[in-house]
Amino acid sequence: ALFAMSTVQADPIASIKHVVVAGQSKSIATENTGVDTPFSIASIGKIFTAVLILQLVQDGRLNLEDPAAQWLSRDVVEGFNGLAGVSIKQMLQMSSGLPDYYDDRYLESVFIDQKKTQVPEVAIQYAYDLPVLFVPGKRFDYSNTNYLLLGVILENLAGESYSQRPQYKAYFPV
């Protein structure tokens, strides 16, 4: 496309417009954006989630071969018909076979009520009762459900909300 434009709105007071013209893109922040303005980091959060999960493995609080069902509530496990054979490692590697909650039904709900829909307890339900894509560990499929569940596991182990605690122990060597 020679020209495309989209707007990402973090909350009612700030937005970013992405403009692409002839292959060149430019992002323009508008209205009251500052260092404390919240914006979605999208899939970049998967990197942080993976680091935090691996730190728990290093600390001995979690094992990569642990069944995912061991660390999730009964409601979540039942929503996925037991999570049979799905391990922490497979979710990290996107080889769990779990269906993706991030589909048209989910996106339509986000447009209707973003604050209600974009919470793990609600978002995850969009993948409940969907068929598994393949036997865990046999293939790769990019499914956001994997990292949503890993975030829930982090919250269960930490006893607090992942999104409300950005100061999780994450050390990156300089």
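The values are calculated or read from the model by the stated rules, or taken from the named source; none is laboratory data. Computed from a predicted structure; not experimentally measured. We place every Cβ from the backbone using ideal geometry, glycine too, and count neighbours over all the protein chains shown. Each accessible area value is taken on the protein alone, full model and side chains, heavy atoms only, with ligands, DNA and RNA left out. Shrake-Rupley method; radii C 1.70, N 1.55, O 1.52, S 1.80 Å.
Among residues of segment 67-87 being among the aliphatic types (A, V, I, L, M) and open to solvent by 30 Å² or more (accessible area, probe 1.4 Å), the one that is nearest to Val135 (Cα to Cα) is Ala84.
Inside segment 95-109, can you point out the residues that are small (Gly, Ala, Ser) and assigned to a helix (DSSP H, G or I)? The answer is Ser109, and nothing else. Only one of the numbered conditions (1) under 18 Å from the mean Cα position of the chain (by Cα); (2) without any contact (Cβ under 8 Å) to a residue 60 or more places away in the chain; (3) open to solvent by less than 60 Å² (accessible area, probe 1.4 Å) is not met by Phe140, and that is (3). Counting only strands (runs of 3 or more DSSP E) that sit wholly inside segment 1-93, not one has at least 3 residues that are modelled with pLDDT of 95 or more.
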